[in-house]
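Okay, so here's the structure we're looking at.
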């Protein structure tokens, strides 16, 4: 079995999904992905576009401008039509599933070089507008229990996560992300992108838009419940709607060494798991347990964790259930602050994990995990190459 290494990981700054105020609002999905593809090839000049065996792009909502987004974005940016491209859909874990597919192909020798990416422009899609639940599904579940906000409330109730604890968790996320921005921690992973706005003005966007370093617990305490009148989950403790893209260059270690490209991490293993969709946010728990069993590891061996913060309630409950100290998780902030453009998040957290482990040479193993809409979880383990 070959080793799969992570040669490079990049992402766009993450903008708010807002047709009037979003920092990336006038761009299209192919603009975001094209920016990242160019950056990967420029930063790793030994790798040529025609050398790729496959490009896999995760996207949770593949319709409209995001229809056939993997293939069309590649061709729209002028890259060789001889390189196959695949779209992957696993809701919030779409891009992580793309990474796993590429990694497994590399490990089995079916492919040698791949880009696994994710893109989501949530301001370009009508969330749930054309969604039609299967009638037989509604015989099994109450439709009111399936929306993401409803699941966040249920997780908070089942796991006794209080509103104040959620707000403290969200505040920490913003503070960590703001500090990471100020310290230049994201500089190597974020690729600046020039945006031309409706009035003709141009601006280079190089930072995540939703980070609020000046927010306070007092401000959060004034916010009304977001999903039900007597609820405890608010906009402050829920991830925002966002636009963005992320991409990872994966390669067999043998090929990477031949090309002379550098790398820090190797893919140790990944696992997907299913769970009751009404407690969707707990998906990381069975996924992490599964990947630990598959790799023969345990959570105590993990030095740093990137867990996607869809909601504070589920992040807190998952870390608690897995026995992972909060101090190990999301060292540079999480989705509550950075943002959660659905289909990219599985790659975004791997890209950030790569940056964190590069910045902390003592870290040997890292875990990236996230919950997935309608009751799933996904998790990958990455190890420092000796």
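Where a number appears in this text, it was derived from the coordinates with a stated rule and is not lab data. These figures come from a predicted structure and were not determined experimentally. Cβ coordinates were reconstructed from backbone atoms using ideal geometry, including for glycine residues, and neighbour counts include every protein chain displayed.
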query = Mind checking the angle between helix 163-182 and the chain's longest principal axis? C-alpha axes, 0 to 90 degrees, to the nearest 10.
reply = 30 degrees
inquiry  = If a paramagnetic tag sat 7 Å from the Cα of residue 258 along the Cα-Cβ line, which residues of the range 29-70 would have the backbone N under 14 Å from that point?
reply    = 47-48, 51-53
remark   = Taking Cα atoms only, helix 94-108 is inclined relative to the longest principal axis of the chain by an angle, in degrees rounded to 10, of 40 degrees
request  = Rank by packing, highest mean first: peptides 186-196, 367-377, with packing defined as the count of other Cβ atoms within 10 Å averaged across residues.
outcome  = 367-377, 186-196
Part-to-part distance (alpha-carbon centres) for the range 31-59 and the range 349-367, which is given in Å = 22 Å
Spatial extent of the chain: Rg and Dmax, with the Cα atoms as the point set, Å = 19.6, 60
task = Mind jotting down the distance between the C-alpha centroids of the range 76-110 and the range 149-217, whole Å?
result = 27 Å
note = Descending packing, highest mean Cβ count within 10 Å first, for 102-108, 47-53 is 102-108, 47-53
remark   = Relative contact order in percent for the chain (Cα pairs under 8 Å, 6+ apart) equals 28 percent
Per-pair calculated FRET efficiency, R0 = 41 Å: residue 360 and residue 86 via Cβ, rounded to 0.05 = 0.80
query = For the chain, what does -39500 (n - 2.57) per DSSP helix run (n ≥ 4), summed and divided by total residues, give at 222 nm, in deg cm²/dmol to the nearest 500?
reply = -10000 deg cm²/dmol
task = Could you tell me how many degrees, from 0 to 90 and to the nearest 10, lie between the Cα long axis of helix 345-359 and the main elongation axis, the longest principal axis, of the Cα atoms of the chain?
result = 70 degrees
key: Kirkwood Rh in Å, taken over the range 282-386 so that all alpha-carbon pairs contribute   = 13.5 Å
message = Rounded to the nearest 5, what % of DSSP beta bridges with both residues in the chain are antiparallel?
response = 75 percent
query = Over the range 1-117, how many percent of alpha carbon pairs lie in each 10 Å bin up to the one with the longest distance?
reply = 13, 45, 33, 8, 1, 0
Contact order normalised by residue count of the range 281-369, Cα under 8 Å, 6+ apart, percent = 41 percent
remark   = Expected sort for 306-318, 285-297 on mean C-beta neighbours within 10 Å, highest first, is 306-318, 285-297
ask   = Each label point is 7 Å from the Cα along the Cα-to-Cβ direction; what then is the distance between the points at residue 224 and residue 68, in nm?
value = 4.5 nm
